[in-house]
Amino acid sequence: MVRLSTHFALLVASVTAALSQPIDQDSLAKRAPSGVPGFDVSHYQGTVDMASQKSKGARFVIIKATEGTTYTDASFSANYDAATKAGLIRGAYHFAHPDSGSGATQANYFLQHGGGWSDDGITLPGMLDIEYNPNGATCYGLSASAMVNWITDFVNTYHSKTKRYPIIYTTNDWWNTCTGNSKAFSANSPLNLAHYQSSTIGTIPGGWPYETIWQWADSGTFPGDQDVFK
């Protein structure tokens, strides 16, 4: 079995610590997978009442910070601050546009606009959201090898600045289609796998031995996408 880097140990410790906090199971969606419940949001959900989400059972939230090389999410700061005050473990994510700037450029942009990491026990490593192109070719015009190089550039840049590897968010289909099912990141970067409309996680790509976070629905008890920490 592939063993994840020791850098990943902090992520595990931070989120699993939330298990010590009582969860109102009756308020969770009946089909929610077992694990530590959380969610992710962006400006589409506006300013979220994070204290209310915690009372409904959420223990972590991942908040959109940036996209490409020029976009910052208007709701990021308000939601990040609210999550902190509510006592939620929280982190930021970057929506990748490999067609509009290098991996290093986008990692640095993310770091400059909320995507950093601190050793405070409540901050998740930043997350690279790498998935279907909303505005064009599925793989952003890159070959599988070029895409792997782009992701490597992002991951290595983020790690060099924070000493933590970013979480990678994707789907099985996109990863297979656009990276050729690359196994280059499974030893270090935790996987957040999106897989909806099923009671099981399905096929896990890229040589990862398991998903760390499963995004199992795009709506439910909490605003935005529904997550569970394994």
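Taking K163 as the anchor, which aspartates and glutamates have their alpha carbon closer than 12 Å to its alpha carbon, excluding any fewer than eight residues away along the same chain? By straight Cα distance, K163 reaches D119. Close amide H contacts of Y140 (hydrogens built in the peptide plane, cut-off under 5 Å, sequence separation of 5 or more or a different chain): N133.
Amide H contacts of Y93 (H built 1.01 Å from N, in plane; Pro and chain starts excluded): I63, K64, A65, T66, M127 sit under 5 Å, all sequence-distant by 5 or more or on other chains. Does anyone have the angle between helix 103-112 and the longest principal axis of the chain? Alpha-carbon axes, 0 to 90°, nearest 10? The angle comes out near 30 degrees.
Which number comes out as Rg/Rh for the chain once both Rg and the Kirkwood Rh are worked out on C-alpha atoms?
Values: Rg = 16.3 Å, Rh = 17.5 Å.
A ratio of 0.93.
Give the lysines whose C-alpha is closer than 24 Å to that of K161, dropping any in the same chain fewer than 8 places away, or say none. Answer for K161, where 24 Å is the Cα cut-off: K64, K183, listed by chain and number. Helices in the chain, meaning DSSP H runs of at least 4 residues, each add -39500 (n - 2.57). Divided by all residues, the mean residue ellipticity at 222 nm is -8000 deg cm²/dmol.
Length gained on full extension, D119 to D99: 4.0 nm, using 0.36 nm per residue less the C-alpha separation.
Specify the longest stretch of the chain that does not include any exposed loop site, a site being one of the chymotrypsin sites (Phe, Trp or Tyr not before Pro) with a non-H, G, I, E, B DSSP assignment and at most 16 other Cβ atoms within 10 Å.
Values: sites that count: Y132, Y196, Y210.
In the chain, the maximal stretch lacking such sites is 1-131.
A crude spin-label estimate for the pair L142 and T200, with each label 7 Å from Cα along the Cβ direction, gives 3.2 nm.
Rule-based calculations on the coordinates, nothing more; no lab input. No experiment lies behind these values; they were computed from the predicted model shown. Reconstructed Cβ throughout: ideal geometry from the backbone, glycine too, with neighbour counts over all protein chains shown.
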